[in-house]
Amino acid sequence: MAASLFAQDNDLLLAKQYSTNGETQKALEIYQKLYKQNNEAYYTYYINTLLSLKKFDEAESATKKLVRKHPEAHEYQILLGTVYTQQGNVNKADAIYNDLIKNLPADRNEISNLAGQFYQSSNLDYAIKIFQQGRKIMNNNEAFTYELINLYRFKRDKIALTEEYLNFLPANPNFINQAENAFATIYEGDSDYNMLKGALLRRIQKDPQQIIYTELLTWQYMQQKEFDLALNQALALSRRQNDDGSSIFELCRTLNSNEAYDAAIRGYEFIISKGKTLSLYIPAKIELINTKNLKVTSGKYLPADLVGLEQDYTDLLTEFGRNNSTVFAMQKLAQLQAFKLHKLKEAQKLLEDAVNIPNIRPELLASCKLDLGDVYLINNQPWEATLLYSQVEKDFPNTDINQDAKFRNAKLAYYTGDFTWAKGQLDVLKAATSQLIANDALNLLLLIADNTAIDSVGGALKVYARADLQIFAERPDKAIMTLDSIDKKFPKNSLSDDILMSKSRILIQQKNYAHAVPLLKKIADEHPNDLWADDAVFMLGDIYDNRLNDKASAKVWYQKIITNYPGSLWINEARKRFRLLRGDKADS
């Protein structure tokens, strides 16, 4: 007996190999032999191979014998329906299937088993019909929900999946995230989301007290980036429930991540308006100011927003005092005053007070000291700046903070024209563990080396460095004037590509991406082998990708890094982004 089974296993493996190699007739001969030896075990292989060879009469005859022998075994009837379908006899197949539905017993297990057999034969439509009929005969519209949801997802039946979830969620609100994930996976554009919106609005009209539909409508508006409408829905629900605003707080985080700052500000203001007794009052106040700060730093602001934000920080510090819990606000206010409002004295005083507050987290203290050093630098106090940078460098050995402080010291030397000392520091930093610092250090080192090779004094470079400092201080007009003076004072300088890059960075700082593009293209076209070429090419890819929403152009520029600049520090990031735009899977 064991020998016989072993021989059958070997025959089965050989038949499968024949099928894989396209030698179907040889496979059929083996399957036929196995079927005759034990027709119960090998009938699927035998019948399916007959079907693949279009031997429909033989397949029908063999399957009918099995049906007669096992009238209660539905899988044989389903297989006979499959034979008829492939033969082109759809009506005969439907008659068999409909008879099964007609005689369906009111038994949950029987219904599930029959639907499973249809599913295994890749007949999703009848698997769905079985479950739907099962609901009717069991008089239970909530039966088989999970099974139907899975079938609708597999079939990508968006309307049916949507309706199934909308029927299911009121009694099972904890499944809302699962529903949202399912919709996000299967929906393909605005028409699908509009279908969901229509279905939700109809249900809300019939049952306005059903909270889950309003929550789902908020999510739908977020997917279509209709942020104000999303917030309006959430606010209406929060007012109706008179809750603590936690759902609004979470929504505002998502709004911020989508750069919908005005909507997020409105949400935080709503929470604050509920009063100081709420646990979210202080967090909302802090996040409100952070959101306004994000709006400013993203460039999406009016001059009046700067003054308003400054007042918000001042009010916060007045309300909660200047202590180790509010140092973050002091730091943010100082950054605003120094780089946006150009109130250097106020920023300097604020940071000097901040670094003297006791019990500040060491990393936050270091960050405030570095910022104070920056303010000293742009306020023409380089000696005080270098003392602070060096202090942080000493306090945080072998860390990213140490490398950041060292790089700021090197840049200070560059800004003030001490190119020899700067080169020594940058030569070490080009091997920094932080890729960003390593890249910036190498570029600055090459800039200094290239422009002091012929002119050892670096006269033109000193003017360029002063312009660079003005860019850092966010004084674009002064920076442009300084850059434009270089060609006049030093007509034979070698800084043309550097000047183009600086002007590009000013435009990017001002969020003027469309005007930055031609300058970057000029670097790529006219200076393909110079210092900033690969940076310009990568920046073009990034601008088209993330700012101008021109994915086709982004791919072109990322590809250029890969093909023309294989040694660039941007190569890995460019390759990753190119593959993503091309549609490769994340792990490929």
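The values are calculated or read from the model by the stated rules, or taken from the named source; none is laboratory data. Small disclaimer: the values here were computed from a predicted structure and weren't measured. Backbone-built Cβ (ideal geometry, glycine too); neighbour counts: all protein chains shown. The protein model used for the area step is the full one, side chains on, heavy atoms only, and it has no ligands, DNA or RNA in it. Shrake-Rupley method; radii C 1.70, N 1.55, O 1.52, S 1.80 Å.
Structure data summary
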{"read-out": "Qualifying residue in region 328-337 (condition: at pLDDT below 95, more than 24 Å from I437 (Cβ to Cβ), surrounded by fewer than 17 Cβ atoms within 10 Å (Cβ to Cβ) and of a type in the set (G, A, S))", "value": "no"}
{"read-out": "Conditions (1) open to solvent by 80 Å² or more (accessible area, probe 1.4 Å); (2) part of a helix (DSSP H, G or I); number of the one not met by E72", "value": "(2)"}
{"read-out": "Given (1) part of a helix (DSSP H, G or I); (2) farther than 30 Å from G189 by Cα; (3) open to solvent by 20 Å² or more (accessible area, probe 1.4 Å), index of the condition F118 fails", "value": "(3)"}
{"read-out": "Every residue from region 148-184 that is open to solvent by 20 Å² or more (accessible area, probe 1.4 Å) and either of a type in the set (G, A, S) or outside any helix (DSSP H, G or I) (or both)", "value": "R156, D157, A160, A171, N172, A184"}
{"read-out": "Close pairs from region 300-325: first more than 30 Å from N512 (Cα to Cα), partner surrounded by fewer than 13 Cβ atoms within 10 Å (Cβ to Cβ) and among the polar types (S, T, N, Q), Cβ under 8 Å, at least 6 apart", "value": "N324/N359"}
{"read-out": "Every residue from region 277-299 that is farther than 15 Å from L336 by Cβ and open to solvent by 70 Å² or more (accessible area, probe 1.4 Å)", "value": "T277, S279, I282"}
{"read-out": "Residue satisfying condition, being of a type outside the set (A, V, I, L, M), in contact with a helix residue (DSSP H, G or I) (Cβ under 6 Å, 6 or more places away or on another chain), surrounded by 16 or more Cβ atoms within 10 Å (Cβ to Cβ) and modelled with pLDDT of 85 or more, within set T49, T145", "value": "T145"}
{"read-out": "Where a residue in region 417-437 is touching a residue at least 12 places away in the same chain (Cβ under 8 Å) and its partner, wherever it lies, is in a loop (DSSP other than H, G, I, E, B) and of a type outside the set (D, E), with Cβ under 8 Å and at least six apart", "value": "G417/G458; F419/G458; Q435/L569"}
{"read-out": "Out of D207, D244, D192, sole residue that is touching a Leu at 6+ places or on another chain (Cβ under 9 Å) and open to solvent by less than 80 Å² (accessible area, probe 1.4 Å)", "value": "D244"}
{"read-out": "Criterion (touching a residue at least 12 places away in the same chain (Cβ under 8 Å), assigned to a helix (DSSP H, G or I), farther than 20 Å from F328 by Cβ and within 32 Å of the chain's Cα centre (by Cα)) met by exactly one of L442, L446", "value": "L442"}
{"read-out": "Any hit, region 575-583, residues being surrounded by 14 or more Cβ atoms within 10 Å (Cβ to Cβ), free of Cβ contacts under 8 Å to residues at least 24 places away in the same chain, in contact with a Ser or Thr (Cβ under 9 Å, 6 or more places away or on another chain) and of a type outside the set (F, W, Y)", "value": "yes"}
{"read-out": "In region 461-505, the residues that are more than 15 Å from Y415 (Cβ to Cβ) and hydrophobic (A, V, I, L, M, F, W, C)", "value": "I480, M481, I486, F490, L495, I499, L500, M501"}
{"read-out": "Single match in E147, E142 (criterion: under 20 Å from D207 (Cβ atoms), more than 26 Å from the chain's Cα centre (by Cα) and of a type outside the set (K, R))", "value": "E142"}
{"read-out": "Flag if F339 is aromatic (F, W, Y) and either in contact (Cβ under 8 Å) with a residue 40 or more places away in the chain or in contact with a Pro (Cβ under 9 Å, 6 or more places away or on another chain) (or both)", "value": "yes"}
{"read-out": "K503 over 30 Å from K343 (Cα atoms) and either modelled with pLDDT of 95 or more or open to solvent by 70 Å² or more (accessible area, probe 1.4 Å) (or both)", "value": "no"}
{"read-out": "Check on N98, under 30 Å from K54 (Cα atoms) and buried (at least 20 other Cβ atoms within 10 Å of the Cβ)", "value": "no"}
{"read-out": "Members of region 263-298 found to be assigned to a helix (DSSP H, G or I), free of Cβ contacts under 8 Å to residues at least 12 places away in the same chain and not aromatic (F, W, Y), listed by number", "value": "S273, T297"}
{"read-out": "Any chance K349 is among the basic types (K, R), touching a residue at least 24 places away in the same chain (Cβ under 8 Å) and part of a helix (DSSP H, G or I)", "value": "no"}
{"read-out": "Single residue of D427, D440 found to be surrounded by 16 or more Cβ atoms within 10 Å (Cβ to Cβ) and either of a type in the set (D, E) or within 24 Å of E384 (Cα to Cα) (or both)", "value": "D440"}
{"read-out": "Extreme residue, most open to solvent (accessible area, probe 1.4 Å), among residues of region 470-495 that are more than 38 Å from the chain's Cα centre (by Cα) and acidic (D, E)", "value": "D487"}
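Residue-wise test of (1) at pLDDT 95 or above; (2) farther than 30 Å from K295 by Cβ; (3) of a type in the set (K, R).
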{"position": "L520", "(1), (2), (3)": "yes, no, no"}
{"position": "I543", "(1), (2), (3)": "yes, no, no"}
{"position": "N564", "(1), (2), (3)": "yes, yes, no"}
{"position": "W570", "(1), (2), (3)": "no, no, no"}
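The rows are residues; the columns are (1) under 29 Å from A574 (Cα atoms); (2) touching a Phe, Trp or Tyr at 6+ places or on another chain (Cβ under 8 Å).
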residue: Q470; (1), (2): no, no
residue: P491; (1), (2): no, no
residue: L500; (1), (2): yes, yes
residue: D525; (1), (2): yes, no
residue: W532; (1), (2): yes, no
